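Student: Before I ask anything, here is the structure I am working with.
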Amino acid sequence: MESRTEASAELLALRQHAEKLLAASVREFASVADRYEVPYQSTRIIVHPLDWTKGRTLLRFIAPVVVDIAPMPGLHRRLSEFNNTTVFGKFYFHEGTIFIEHNLLGESVDRAQFRAVLASVAHHADHLDEVLIAEFGGRRWAGGASGAAAHPGGES
């Protein structure tokens with residue numbers, strides 16, 4: 001991804017579009033730095049518009065699934081199993097947290113795509129946390145500053 005100090009016109013347009021889609025899709029969301037956060041049950045969904053390459057943008061949907069988890073045998077294999085059966089989203093481990101993430105091209109995202117990905121990421125993050133905690137330990141992201149997990153590619 002390109003490193004820029006100023007947001008491109010394409011990124012500014014995507015941010016406006018994302019805000020409209022969020023307002024039409026959820027009851028509550030917050031603007032935090034350069035992204036949006038949507039609370040959902042035991043997690044939150046981070047909607048992060050980004051400049052990508054050559055005037056293109058991405059809309060990242062990221063949710064912490066389990067925090068305070070140590071890498072251990074079988075963890076990556078289990079995440080790979082989830083990745084083989086999940087349509088919208090990829091699971092990965094980063095700095096003590098398991099995340100689910102899905103990306104859409106910013107220029108072509110429509111309301112149906114946005115809502116489908118938002119719902120899928122939220123559902124998986126909220127429902128698979130118990131399974132992963134039972135197998136590998138850790139805890140749910142419970143909200144608030146003390147429970148916030150730094151998401152990859154951005155500031156917490």
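Student: With +1 on the Cβ of every Lys and Arg and -1 on the Cβ of every Asp and Glu, and nothing else charged, how large is the dipole of segment 1-83 about its Cα centre, in debye rounded to the nearest 20?
Tutor: Numbers: 11 positive and 10 negative charges, 43 e Å.
With only Lys, Arg, Asp and Glu charged at Cβ, the dipole is about 200 debye.
Student: What stretch of the chain, leaving out the sites themselves, is the longest with no trypsin sites (Lys or Arg not before Pro) in a DSSP loop having at most 12 other Cβ atoms within 10 Å? Working shown, then result.
Tutor: On the way: sites that count: Arg4, Arg27, Lys54.
By the stated rule (loop sites, at most 12 other Cβ atoms within 10 Å), 55-156.
Student: Gain in length, Arg56 to Asn84, computed as 0.36 nm per residue apart minus the alpha-carbon separation, to one decimal in nm?
Tutor: Values: separation 28, 0.36 × 28 = 10.08 nm, distance 2.79 nm.
Length gained between Arg56 and Asn84: 7.3 nm.
Student: To continue, here is another question. Taking a probe of 1.4 Å, how large is the accessible area per residue of the chain, in Å²?
Tutor: Details: 8190 Å² over 156 residues.
Spelled out: the 1.4 Å probe surface of the chain, per residue, equals 52 Å².
Student: Which GluC sites (Glu not before Pro) from segment 51-112 combine a DSSP loop assignment with at most 15 other Cβ atoms within 10 Å?
Tutor: On the way: sites: Glu81, Glu95, Glu101, Glu107; in loops: Glu95.
Sparse-neighbourhood loop GluC sites (Glu not before Pro): Glu95.
Student: Another one. Using alpha carbons only, how many degrees (0 to 90, rounded to 10) separate the axis of helix 75-85 from the longest principal axis of the chain?
Tutor: 60 degrees
Student: Please find the FRET efficiency linking Leu12 to Val32, where r is the Cβ-Cβ separation and R0 is fixed at 22 Å, and quote it to the nearest 0.05.
Tutor: Working: r = 17 Å, r/R0 = 0.78.
That gives a FRET efficiency of 0.80.
The values are calculated or read from the model by the stated rules, or taken from the named source; none is laboratory data. From a predicted model like this one, the values you see are computed outputs, not experimental measurements. As a convention, Cβ positions derive from the backbone with ideal geometry for all residues, glycine included, and neighbour counts pool all protein chains shown. Surface areas here come from the heavy atoms of the whole protein model, side chains and all, with no ligands, DNA or RNA. Shrake-Rupley method; radii C 1.70, N 1.55, O 1.52, S 1.80 Å.
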